[in-house]
Amino acid sequence: MQSINNTQTSRPHTHGRLIINARVASLDPTHTQPYGMLDNHAVLIGDDKIMWVGPSSEVNPKQFEGNLIDAAGRLLTPGLIDSHTHLIYGGNRAQEFEARQQGQSYEQIARAGGGILSTVRATRELYQSGLIEQALPRLTALCREGVTTVEIKSGYGLTLDDELKMLRAARQLEQLLPVRIRTTLLAAHAVPPEYRDNADGYIDMICQQLMPKVVEEGLADAVDVFCESIAFSPAQCRRVFEAAKQHGLGIKGHTEQLSNLGGSALAAEFGAWSVDHLEYLDDDGIKAMRSAGTVACLLPGAFYFLKETQMPPIEALRQAGVPMALASDCNPGSSPLASLRLMMNQGCVLFGLTPEEALTGVTRHAAKALGLSRQVGMIRPGQQADLLLWDLDHPAQLAYEFGPDRLALRIFNGQPASI
Ligand code: NIG
Ligand code: FE
């Protein structure tokens with residue numbers, strides 16, 4: 001018990017919930033084993049935080065009767081983090097999928113007024129409550145497989161009121177399920193019909209009207225852009241980033257998805273938390289990301305669903321030591337896939353990640369992509385107690401297998417919270 005008394009907290013050591021006999025994949029890089037693995041370890045939870053992690057032999061389980069969880073050798077990981085989603089939207093794009101199967105491309109559909117803009121029409125038609133109702137099954141699916149933190153973007157409203165509606169809906173989801181929601185303003189997702197020939201005027205509206213309102217209401221943690229020829233130019237994205245910086249918001253980007261416009265280097269120049277997609281990323285982009293500490297967020301679901309053939313430069317990112325996150329990009333057009341476990345599998349099979357990189361990409365590096373490194377993503381004293389106990393004994397199984405429910409216990413903010 002000595003070690004427990006030596007923790008960073010003054011709480012009595014008998015207070016809290018204790019997990020013993022776990023194979024702890026801590027994902028904490030200060031532990032040198034792969035996955036930060038700590039065999040036969042115990043984790044002490046006090047209120048909503050992890051208070052202590054140490055060998056099971058150093059604790060006296062009798063003192064925690066009623067609040068004791070015997071993992072019996074099973075795997076314990078941090079809660080999973082989906083660091084890039086568009087979970088809030090109206091309708092679906094199954095008919096666009098049919099058109100694509102008959103030979104039209106994603107870009108052709110977008111240029112003809114479908115794509116993102118068709119979801120914009122469906123999203124504008126719904127009240128906040130309707131958006132929540134449609135998003136709940138998607139969020140539930142993520143939570144059931146172990147996700148405890150989810151980022152949700154706006155970007156299908158594209159008017160002041162509809163963007164605010166999306167962000168409010170996203171924030172409200174946190175009241176309905178035991179999950180942490182982070183929100184991102186992605187008003188620069190597509191040029192709305194009202195500004196068809198005046199994208200710069202729309203950027204003015206975002207920077208001068210929408211962003212101040214979002215900040216005033218505290219509705220977003222970060223700002224994102226779609227830097228692409230079918231969306232916004234680097235010069236337009238720069239203006240959004242400048243405004244975001246002034247408001248102290250985090251910066252993210254959809255960059256180098258369909259072509260290379262240098263959006264990743266631009267975002268890195270502003271200290272972006274992450275840039276995402278990256279199939280067409282080049283060495284200059286990688287260098288800029290490396291010096292800025294920007295996370296590369298890989299989205300294998302979109303790569304798969306759009307039948308992309310250009311691979312993101314995984315080996316170059318790895319060699320440069322750029323942290324790689326993995327996310328679902330759950331959205332109706334390019335990734336209608338509400339499963340982070342599937343992304344782990346696809347990240348390995350399609351992108352050549354190792355299972356350890358895949359798990360790190362949905363925990364520690366995903367936390368960094370959301371500016372949450374201090375709060376979540378590892379099993380370490382001081383972090384929020386978001387913990388998953390699996391009916392598995394090796395963490396590689398999380399990326400290897402897809403389908404069966406192996407989650408034995410989901411703990412969110414220190415409380416058992418199965419869904
Ligand atoms: O992340 N790339 C831009 N935005 C989304 C797709 C949005 C849509 O097609 O509705 C993405 O892939
Ligand atoms: Fe996206």
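Please verify whether Glu98 is touching a residue at least 12 places away in the same chain (Cβ under 8 Å) and not in a loop (DSSP other than H, G, I, E, B), treating the condition exactly as stated. Judged against the criteria, Glu98 is not a match.
For segment 83-98, name all the residues that are crowded, with 24+ Cβ neighbours inside 10 Å and of a type in the set (S, T, N, Q).
Looking only at segment 83-98, we keep the residues that are crowded, with 24+ Cβ neighbours inside 10 Å, and these are 83-89.
Ser83, Thr85, listed by residue number.
Of all the numbered requirements in (1) more than 26 Å from the chain's Cα centre (by Cα); (2) surrounded by 14 or more Cβ atoms within 10 Å (Cβ to Cβ); (3) without any contact (Cβ under 8 Å) to a residue 60 or more places away in the chain, Leu126 misses one, and that requirement is (1).
For residues that are β-branched (Val, Ile, Thr) and either closer than 26 Å to Gln172 by Cβ or at pLDDT 95 or above (or both), scanning just segment 211-254, find the one that is surrounded by the fewest Cβ atoms within 10 Å (Cβ to Cβ). Before you say what the answer is, go through the steps one by one.
The initial filter retains those residues of segment 211-254 that are β-branched (Val, Ile, Thr), namely 214-215, 223, 225, 230, 240, 251.
Among the residues that remain, those that are also either closer than 26 Å to Gln172 by Cβ or at pLDDT 95 or above (or both) are: 214-215, 223, 225, 240, 251.
Values: Val214: 23, Val215: 18, Val223: 30, Val225: 31, Val240: 25, Ile251: 27.
Top of the filtered list is Val215.
A count restricted to segment 269-284 and to residues that are within 21 Å of the chain's Cα centre (by Cα) and more than 16 Å from ligand 2 (Cβ to nearest atom) stands at 2. Answer yes or no: is there a residue in segment 158-177 that is assigned to a loop (DSSP other than H, G, I, E, B) and touching a Cys at 6+ places or on another chain (Cβ under 8 Å). Yes: one or more hits. Taking every residue in segment 276-304 that is crowded, with 24+ Cβ neighbours inside 10 Å and pairing it with any residue that is among the basic types (Lys, Arg), at least 6 positions away or on another chain, the pairs with Cβ-Cβ distances below 7 Å are Asp276/Lys252; Val295/Lys368. When Pro332 is tested against (1) more than 14 Å from ligand 1 (Cβ to nearest atom); (2) out of contact with any His (no Cβ under 7 Å at 6 or more places or on another chain), just one condition goes unmet, and that condition is (1). Scanning segment 352-383 for residues that are in contact (Cβ under 8 Å) with a residue 12 or more places away in the chain, part of a loop (DSSP other than H, G, I, E, B) and over 25 Å from Gly46 (Cβ atoms), we see that the one that is farthest from the chain's Cα centre (by Cα) is Gly352.
Scanning segment 135-160 for residues that are surrounded by fewer than 24 Cβ atoms within 10 Å (Cβ to Cβ) and in contact with a helix residue (DSSP H, G or I) (Cβ under 9 Å, 6 or more places away or on another chain) returns Leu136, Glu145, Thr159, Leu160.
Cβ-Cβ contacts under 6 Å between residues 6 or more apart (or on different chains), taken from a first residue in segment 143-168 that is at positive phi to a second residue that is assigned to a helix (DSSP H, G or I) and at pLDDT 95 or above, are listed as Leu158/Val120.
When restricted to residues that are more than 20 Å from the chain's Cα centre (by Cα) and within 18 Å of His84 (Cβ to Cβ), segment 218-231 contains 2. The residues of segment 315-325 that are surrounded by 18 or more Cβ atoms within 10 Å (Cβ to Cβ) and either out of contact with any His (no Cβ under 8 Å at 6 or more places or on another chain) or on the phi > 0 side of the Ramachandran plot (or both), listed by number, are Leu317, Val322.
At least 2 residues that are within 28 Å of the chain's Cα centre (by Cα) in each: list the strands (runs of 3 or more DSSP E) lying fully within segment 28-76 that qualify.
Details: elements: 37-46, 49-55, 68-70.
Ranges flagged: 37-46, 49-55.
Give me the pairs, please: first residue somewhere in segment 107-123 and more than 15 Å from Asn331 (Cβ to Cβ), second residue anywhere and of a type outside the set (Val, Ile, Thr), beta-carbon distance under 7 Å, and either six or more positions apart or on two chains. From segment 107-123, the pairs are Glu107/Leu258. So for segment 200-210 (the condition being closer than 30 Å to Phe402 by Cβ and either more than 16 Å from ligand 1 (Cβ to nearest atom) or crowded, with 16+ Cβ neighbours inside 10 Å (or both)), does at least one residue qualify? The answer is no; no qualifying residue exists.
Has segment 192-199 got any residue that is assigned to a helix (DSSP H, G or I) and within 16 Å of ligand 1 (Cβ to nearest atom)? The answer is yes, given that some residue of segment 192-199 is assigned to a helix (DSSP H, G or I) and within 16 Å of ligand 1 (Cβ to nearest atom).
The values are calculated or read from the model by the stated rules, or taken from the named source; none is laboratory data. What you see is a predicted model, and the numbers here were worked out from it, not measured in a lab. No Cβ is skipped: glycine too gets one built from the backbone with ideal geometry, and neighbour counts run over all protein chains shown.
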